[in-house]
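Inspection log for the structure reproduced underneath, given as structure tokens.
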Amino acid sequence: MGTSNELQAVVMAAGKGSRFTELTARRPKCLLPIGNVPMILYPLQLLERSGFQDAIIVILEANKTEIQTALDKCNIKIKYELVGIAAGDDWGTADSLRYLEETNRIKTDILVVSCDLITDITISPLLELYRRHDATLTAMFVHSGSSQSLLPTPGPKNKSKLERDFVGIDPKTSRLVLLASASDYEEELPLKCSLMRKYGRINLHSKLLDAHLYIIKRTLCHYLAYNKTLSTLKGEVLPFVVKKHIEKSCKIVPTKVEDKASVIGVDLKTELGHFTQENELIQKVRTMSAYTDNRFQVCYQGDSLRCYAQIYDKSAYAVRANTLQQYCLANREIVERWGSLINDRELITVSPLATIKSTQLDNTCLVAEKSRIAERTCVRNSIIGPAVEVNQKTAIKDCVIMYGVKVGQGCILQNCIICEESVIEDNCELKDCLVGSHHIVSAGSKRTSEVLTDVDRLMEI
């Protein structure tokens, strides 16, 4: 597809995982295990399948050595550059793009993907839409109901609302004309008359998942380098650009973009048109081009700022493992989905370096290297990480057990997440629980729907 020459790939992996601090208190979010491999491997595999030969990975500088070591073990084909940012800066994704632009790492238009995207989609439809309209910004959406689990999320039961967006799309052109968070509105969503006049009809969606996979014109990166008030892509940049591109007209002050002094004192938020305006030659080339879809030229209405949305059908698999619920879902489905998510790698259910004495280990389980599972132990539909020790007369079902965990004799663990180097002492019964890293569950404990962790450890992030 020629994507490496046309686009640069940027993987956003500097997030701290603030939505599930119990899991990220002692390891970077991008290294959380899904199917016993780091989460970040999945978007890198997507880029490989899409023809990319290299990528920029934005991480926290403090995690650079740990992430480098983990990626070395993955033996990935794609070349990558780890770009570290300071942990204390509290940057958003737009801030990270601004840094890449200011350090001259961005040379072309870019494809941005989050480290927590687990998907089997092909980006060809997204690329085609971007190319056809020479779009400033092209976003990927999938149906949020495509994956779900009957099992509850470990931890306290609550009725927390899922994040939802209102996504408005012109059905004729796939132009993205409205993007707003449902949490910003109580009962009514106001629609401007100018929007309806310009497009006549729009399809309004409320159950689409923003996959955090975008193709962005380099001119928008230029703009971010000037406008330092925008910090996040999803929460600020996308709604702002969508709002700007549906405006009937944009007054362009006759000033050169390259002249920094000329925009001092000007509200740069209102001057996005400077960075996207096109000269007459570019407009003529597009009009005469056999590649560009000229049927929709009338819909551009002279707009140089164009946003589009590609909605994938319900057969597409996509999970964003950015919440505890979605992280659990990804792990529960990984064995079934492995072949479409990981390129040319056979799924090794039980590592040859593991010691398995139990005869009650079903084929939906994954067991990593150096783990030991004793005889008279039953393990069903669970993921056992490296160096885990499971003692006799223990039953484990629907669990994710991370590195170095020790499980005593006579334990019953059902639908739990046990973080690294925790100890579950003898005769414990845990159901729908989350056990934080390095935590000790005392012998004989019986817990249901709880988070068991040391509060002090959560403060470390």
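Any read-out appearing in this document is the output of simple, stated calculations on the displayed coordinates, not a laboratory observation. Because the structure is predicted, anything quoted here is derived from the model rather than measured. Cβ placement follows ideal geometry from the backbone for every residue including glycine, while neighbour counts extend to all protein chains displayed.
The dipole here belongs to the range 348-457: it is taken about the Cα centre, uses +1 on the Cβ of Lys and Arg and -1 on the Cβ of Asp and Glu, and is about 340 debye. Note on the range 348-457: dipole from Cβ charges, positive end direction compared against 402, 418, 356; the farthest Cα belongs to 356. Residues whose amide H lies under 5 Å from that of residue 429, counting only those 5 or more places away or on a different chain, are 412, 445, 446, 447; hydrogens are built 1.01 Å from N in the peptide plane. Cα centroid separation, the range 180-234 to the range 87-117: 19 Å. Quick one: of 73/234; 172/192; 217/244; 107/172; 73/217, which pairs are farther than 22 Å apart, Cα to Cα? Violating the 22 Å limit, Cα to Cα: 73/234; 107/172; 73/217.
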